[in-house]
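Take a look at the structure below.
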Amino acid sequence: MKKDLLGIADLSSDEIYRVLDTAVAMREIGERPIKKVPTLRGKTVVNLFYEPSTRTRTSFEIAEKRLSADTLNIAVAASSVLKGETLADTAMNIEAMAPDMIVLRHASSGACHLLARICRSKIINAGDGMHEHPTQALLDAFTIRQHKRRIDGLKVAIIGDLLHSRVLRSNVLLLTKLGADVWVSGPPTLVPPGIERLGVRVTTSVDEAVADADVIMMLRIQQERMQGAFFPSLREYYNVFGLTEERVGRARGDVIIMHPGPMNRGVEIASEVADGPYSVILEQVANGVAVRMAVLYLLAGEVEAD
Amino acid sequence: MAVVMDGDRMGKTLTRIAHEIVERNRGVEELALVGIRSRGVPLARRLARSIKEISGHDVPTGALDITLYRDDLMRHAVGAQPVVKSTDIPFSIDDRRILLVDDVLYTGRTIRAALDALIEFGRPRLIQLVVLVDRGHRELPIKADYVGKNIPTSPSQSVQVRLAEIDGRDEVEVEG
């Protein structure tokens, strides 16, 4: 693997499987009475979050602590960013204190690539703008594999706000790389032009997307990223694109329903579906810790290429 | 290159160790076997079978992966991280007599890592070490309680233990 984890685009399928296999062993550590191994003792990891995040930040922090790394969290509201410092300057100042890894969440696509170029620390992308969220895609793949034992040949339907979603992009890159048959569906205003070039089938009909699907992945309606009127109302959105029990009924009997969170109940997903027997949404959260442990472990051993 | 133990000899050796285990622990009720991945695991299972034949008791058996406890992680100049496999100890080790099983005892560093890993699962009454081959050259003050065979080697040689479950046949070979 490379020094940094910036996106799924940089990973080969062998590297993806390496992360997923390692995560199996990491998951067992979370089931022990003492949920800690000494592997990253003496390593310092900075969690630098320029966007609010509960799940991802907590998940990374637990993963780091289970591997015995020293962690510190920098949240944007409490930092000198408010005083006008640029991302590069903040990064160089953190870098001067010699951390081993920086986990970055930023609202701008490509922020992680900038940091990777200027920092010696290893950079892990925890979500950059509308670009990528690689650890989310890896934990989704881990969860699918846990239930279906494979990814190759599965029909995966991804439904919702395709335009603003870094989760979509990372998942599409990963799932197509591993041979899944990926369908995407959403309002035409929220379908990025040219998305079919990533090797997915596009449809505006949710019913068509979910027909005989092995996996249904719902995406959040990201109201905070929407400046325009992409659809008439949330009610209307739910009626046309919301995942209801009736729509789940068109999928395979052993379908699993996924959502990266946070969920908008009654907007993209019905409450009874989110809480239904086929929902693996909370397993995704549990698996996130194991997958992030695997990523931290595998990157920690990598030496800088140049 | 010499085969120093063939399949027949290995079977007899493991049976002899099983007898020693039963004799020395005066009963097997509190015993549990923990094999170190990879080849300690099938060896532990075979010992469990022998102990069952001798005593009639089932001894619980687990598998321990010590990768995350190694003292040479992050110290390699080049190369990817070693592969981590799952640890599977499906019983409580508290107050048990644990028999830690590995194929080759060499520097002792694997055993040091295994002791650290094991102790995080609880507080066993005692831990004893079983190895099929002791090849010398210890770098830590560690000693086996049960040894299949002592094989004098030079550090430049390598000792290959092959087991039917993993390698298709049973033998120990010294190479180099």
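The values are calculated or read from the model by the stated rules, or taken from the named source; none is laboratory data. Since the model is a prediction, treat every value here as computed from it, not as a measurement. Glycine also receives a Cβ, built like all others from the backbone with ideal geometry; neighbour counts cover every protein chain displayed. Side chains included, ligands, DNA and RNA excluded: accessible areas come from the protein's heavy atoms. Shrake-Rupley method; radii C 1.70, N 1.55, O 1.52, S 1.80 Å.
Collect the residues in the stretch B:98-121 that are buried (at least 21 other Cβ atoms within 10 Å of the Cβ) and within 10 Å of chain A (Cβ to nearest Cβ), keeping them in residue-number order.
B:A113, B:A117
Being over 20 Å from B:D72 (Cα atoms) and among the hydrophobic types (A, V, I, L, M, F, W, C) is the filter; apply it to the stretch A:29-44 and report the residue that is nearest to the other protein chains (Cβ to nearest Cβ).
Applying the filter and picking the extreme gives A:I34.
Identify all residues within the stretch B:154-176 that are crowded, with 19+ Cβ neighbours inside 10 Å and farther than 30 Å from A:E28 by Cα; write none if there are none.
B:V159, B:D170, B:V172, B:V174
Identify, by number, the condition in (1) within 14 Å of another protein chain (Cβ to nearest Cβ); (2) open to solvent by less than 30 Å² (accessible area, probe 1.4 Å); (3) under 30 Å from A:D152 (Cβ atoms) that A:I8 doesn't meet.
A:I8 satisfies all of (1) within 14 Å of another protein chain (Cβ to nearest Cβ); (2) open to solvent by less than 30 Å² (accessible area, probe 1.4 Å); (3) under 30 Å from A:D152 (Cβ atoms) except (1).
Taking into account only those residues within the stretch B:46-72 that are open to solvent by less than 10 Å² (accessible area, probe 1.4 Å) and closer than 19 Å to B:T13 by Cβ, which is farthest from the chain's Cα centre (by Cα)?
For the stretch B:46-72, the residue satisfying everything is B:I51.
Would you confirm whether or not the stretch A:12-33 contains a residue that is at pLDDT below 95, over 13 Å from A:V295 (Cα atoms) and open to solvent by 50 Å² or more (accessible area, probe 1.4 Å)?
Yes; the residues of the stretch A:12-33 include at least one that is at pLDDT below 95, over 13 Å from A:V295 (Cα atoms) and open to solvent by 50 Å² or more (accessible area, probe 1.4 Å).
Going by what's in this entry, would B:D95 be described as more than 14 Å from every other protein chain (Cβ to nearest Cβ), in a loop (DSSP other than H, G, I, E, B) and touching a residue at least 60 places away in the same chain (Cβ under 8 Å)?
yes
Considering each of B:I36, B:I17 in turn, give the residue that is touching a Phe, Trp or Tyr at 6+ places or on another chain (Cβ under 7 Å) and either closer than 24 Å to A:S68 by Cα or not aromatic (F, W, Y) (or both).
Among B:I36, B:I17, only B:I17 is touching a Phe, Trp or Tyr at 6+ places or on another chain (Cβ under 7 Å) and either closer than 24 Å to A:S68 by Cα or not aromatic (F, W, Y) (or both).
If you check A:K83, A:K36, A:K3, which single one turns out to be touching a residue at least 12 places away in the same chain (Cβ under 8 Å) and open to solvent by 30 Å² or more (accessible area, probe 1.4 Å)?
None of the others qualify; the one that does is A:K36.
Inspect all residues belonging to the stretch B:1-17 and state whether any of them is open to solvent by 70 Å² or more (accessible area, probe 1.4 Å), part of a loop (DSSP other than H, G, I, E, B), more than 14 Å from chain A (Cβ to nearest Cβ) and at pLDDT 95 or above.
yes
Select, from A:D140, A:D161, the only residue that is assigned to a helix (DSSP H, G or I), among the acidic types (D, E) and under 30 Å from A:F231 (Cβ atoms).
A:D140
Is it true that B:R123 is outside any strand (DSSP E or B), over 16 Å from the mean Cα position of the chain (by Cα) and within 28 Å of A:I29 (Cα to Cα)?
yes
From A:A98, A:A107, grab the single residue that is hydrophobic (A, V, I, L, M, F, W, C), open to solvent by 60 Å² or more (accessible area, probe 1.4 Å) and more than 12 Å from chain B (Cβ to nearest Cβ).
Checking each option against the conditions leaves just A:A98.
When only residues in the stretch A:278-303 that are in a loop (DSSP other than H, G, I, E, B) and either open to solvent by less than 10 Å² (accessible area, probe 1.4 Å) or modelled with pLDDT under 95 (or both) count, which is nearest to the other protein chains (Cβ to nearest Cβ)?
A:G301
Which of the following residues is part of a loop (DSSP other than H, G, I, E, B), open to solvent by 10 Å² or more (accessible area, probe 1.4 Å) and under 19 Å from A:I16 (Cβ atoms): A:R120, A:R150, A:R145?
A:R150
Which residue, of B:P152, B:P141, is under 24 Å from B:R9 (Cβ atoms) and not small (G, A, S)?
B:P152
For the stretch A:52-69, name all the residues that are touching a helix residue (DSSP H, G or I) at 6+ places or on another chain (Cβ under 8 Å) and either open to solvent by 30 Å² or more (accessible area, probe 1.4 Å) or basic (K, R) (or both).
A:R55, A:I62, A:R66
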